[in-house]
Structure formats: C-alpha cells, structure tokens
1. For A176, which of the numbered conditions (1) more than 16 Å from ligand 2 (Cβ to nearest atom); (2) without any contact (Cβ under 8 Å) to a residue 40 or more places away in the chain; (3) open to solvent by 20 Å² or more (accessible area, probe 1.4 Å) fails to hold?
2. Just for segment 128-141: of the residues that are part of a loop (DSSP other than H, G, I, E, B) and under 14 Å from E114 (Cα atoms), which one is most open to solvent (accessible area, probe 1.4 Å)?
3. Go through segment 43-97 and count every residue that is polar (S, T, N, Q) and assigned to a loop (DSSP other than H, G, I, E, B).
4. Going through E184, E191 one at a time, which residue ends up being more than 16 Å from ligand 2 (Cβ to nearest atom), open to solvent by 10 Å² or more (accessible area, probe 1.4 Å), within 24 Å of L269 (Cα to Cα) and without any contact (Cβ under 8 Å) to a residue 60 or more places away in the chain?
5. Which count do you get for residues in segment 195-215 that are surrounded by fewer than 16 Cβ atoms within 10 Å (Cβ to Cβ) and under 24 Å from S266 (Cβ atoms)?
6. Limited to segment 253-281, what total is found for residues that are of a type outside the set (S, T, Y) and open to solvent by 70 Å² or more (accessible area, probe 1.4 Å)?
7. Considering only residues that are more than 25 Å from Y192 (Cβ to Cβ) and either in a helix (DSSP H, G or I) or in contact with a strand residue (DSSP E or B) (Cβ under 7 Å, 6 or more places away or on another chain) (or both), which ones fall in segment 277-307?
8. I'm trying to understand the selection: among the residues of segment 22-40, which are over 16 Å from the mean Cα position of the chain (by Cα) and either within 15 Å of F122 (Cβ to Cβ) or open to solvent by less than 40 Å² (accessible area, probe 1.4 Å) (or both)?
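The values are calculated or read from the model by the stated rules, or taken from the named source; none is laboratory data. It should be emphasised that the depicted structure is a prediction, and the values quoted were computed from it without experimental measurement. Here the Cβ positions follow ideal geometry from the backbone for every residue, glycine too, while neighbour counts run over all protein chains shown. Ligands, DNA and RNA are excluded from the accessible area calculation, which covers all protein heavy atoms including side chains. Shrake-Rupley method; radii C 1.70, N 1.55, O 1.52, S 1.80 Å.
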Amino acid sequence: MYDSGRSFDTNSVGFHQTWVPVALGVEVEAGKPLGTDILGTRVVAYRDAAGKPVVQTAWCPHLGADLSVGQIVGGQIRCPYHHWRFDAGGRCTHIPTGDKIPPGARIFSFPTAEKWGLVWAFNGSEPLFPPPEIPDAAEAELAIESRLRGTRNLPPWVATSNGIDFQHLRTLHNLAASDPDTIEITGHSIEYRIETERYLQHGRITGTNVFAQHLRRDGSDLFMLFAGAPIDRDSSRGFFTIGVYKGGDGAAERRRVEGQLAAARSFTLKLLDEDAPVLNSMRFRPGVMVASDRYLSRFFKYVREFPTAAVP
Ligand code: FES
Ligand SMILES: [Fe+2]
C-alpha cells in the first residue's frame, strides 16, 4: 500500500499559536540585542529600559537589515544601517534624516514573558492562554536551572509527545511508569496525574511545545520543563529547566538544594540522552497505532486542531 505521506501541517498556515522559548533569560543581556531564528523568521530579543524582555521581528522595514546586529539606544532597538529606531511596541520613533516617519515603518512585537529561566514569545498578537506553568509549583518556590538542549530536525511537538507516550517510558527509559486513568484536555493544555504510594507523576502539556512535570520518587520532589521552539517547518531548538523546592537559609539547606538539583540534573540528562538517538534520527509520521497509543493518538488530534498563525 502506498502511503500519501500527508504531513500534519499540510493545510495549516505558519506555526502553532503557543508560547515559544526564545532564549535563556541570562542570554538576553541589558544593552545588547540577541538575534535568533524562530517561527520561520528572524527575531531580535533585548531588554527595555526597565529590564523587561522585548522580542520583535528582526528584519528592518527600511531595507531589511538585521536589527539584531544593531544597537540598543535608550532602551530602544536601533537599526545598524541607517539608525532608524523602534520602541518596544514596534513603532519607528526616529529617523536621523528628519524624514516623516511612514506608517509602515513598524516591526512586529510579540507578547513576551520571562519564566522558568527562559524568555518566551507568543505566536500571535495577543496570547490565547497564559505562559507555561510547572504542575504543583510556583516559580518563587523553586531553585531552578535552565539550559539549551540543542537543535533537532523535527517540529517541537514530536518531542512534546514524549510527555504522553507512556509506553516509551517503560521501553526506552526503563521506568516503572503506568498509564493514567484519565487525561484532562482543554483547547490549549493536556494534564494527567499518576499516583501510587511511593510515586507521583503530575504532567502537563501547554500548547504543543511544552511538557512540564512534577515527579515525586522515594519522597523527593523534582520538577522539569521541556520546551521547544520551531526554527522553520522542519527543525526546532529545545530548552529545559529543572527545579527542586527552595530551602531556607543556612549551609545545610543549601547543601540539600544543591544535592537534589544535582540528582535532578543527572536524571533529566539521562532521559534526554536516552531519547536523543531516537529523536535525532527518526522520520516522524504517525503510522499504525494500537490501543495502548490512545493518549498519544489523542495528542496528535489535539496538535492537528491547534490554531496556527504566520508571523507578520
Ligand atoms: S535598513 Fe534599517 S534603517 Fe535602513
Ligand atoms: Fe523520552
């Protein structure tokens, strides 16, 4: 039988309308623009005068110079070529020649957030839902560590599907994981909880590209968030954050936090290492599915129905 090979995105425009990780928060330094490729375009990220991250399309509306090689002047991005300046809303505020500023002299400003050690941009003019959360924890309660995972020739939601692929937890990761009895699906999230006497897994997918979970194993709590940004139709860049409950003051508490973070880090890196040979080489296509794939199939339906938009 010949397969049509229909891609998930054949009929869609642009990319899923979700919160996309742009960079690590520490990479977006004051006074210094950072350029990166996401959502099929180039964006510039920087901090405004108050330190709040700004993410905008990077192609200058004048002649198309890359604004990320420009300068920050008074909290605004200045094009390196003819020094047009743009405010945090994307409006051109200054043209050095004194010419009248044309109405089309604008760049697109993404809704942004800074959370879990990452700078996020929403793919749309208004966010359709709040930035991703990690189950059972507020950011202020956790000591966190965030890192770049790397790039991969897959759309981000293929890696996100790991969060609901309970079969692979047993086969690939060799974990004693069971399936949840139910999953809860909204238009923009999927959530589940598996609890036994010695084990808790509370997982949540936000959008199509973020999976976060609270794990309790042998009485110890750890938190993880995996987030992917589409670079173009075929590739993505991944980040992850790990966290443990913050301690009080004192050397013993600091040691406890350090020890738990180290354990969380090695467990997370082990999971990523186990996934890597598969996710780095697969040619994703949902093929023959079996009854045990029911949640996975549900996730693929959720992905197919997710709203999409193209960056202006
Ligand atoms: S190309 Fe940006 S100001 Fe001319
Ligand atoms: Fe995995």
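1. Only one criterion is unmet by A176, namely (1).
2. Step one: filter segment 128-141 for residues part of a loop (DSSP other than H, G, I, E, B), giving 128-133, 135-136, 138.
Subset that is under 14 Å from E114 (Cα atoms): 130-133, 138.
Details: P130: 89, P131: 33, P132: 2, E133: 71, A138: 48 Å².
Top of the filtered list is P130.
3. Of all residues in segment 43-97, those polar (S, T, N, Q) come to 56-57, 68, 71, 76, 93, 97.
Going one step further and asking which of them are assigned to a loop (DSSP other than H, G, I, E, B), we end up with 97.
Here the count works out to 1.
4. The conditions single out E191.
5. As a first pass, look at segment 195-215 and keep what is surrounded by fewer than 16 Cβ atoms within 10 Å (Cβ to Cβ): 195-199.
Now narrow it down to the ones that are under 24 Å from S266 (Cβ atoms): 196, 198-199.
So the answer is 3.
6. So the first thing to find is which residues in segment 253-281 are of a type outside the set (S, T, Y), and the list is 253-265, 267, 269-280.
Narrowing the set further to residues that are open to solvent by 70 Å² or more (accessible area, probe 1.4 Å) leaves 254-256, 258, 270, 273, 277, 280.
Qualifying residue count, segment 253-281: 8.
7. P277, N280
8. Keep residues of segment 22-40 that are over 16 Å from the mean Cα position of the chain (by Cα), which gives 29-35.
Listed by number, the residues that qualify are P33, G35.
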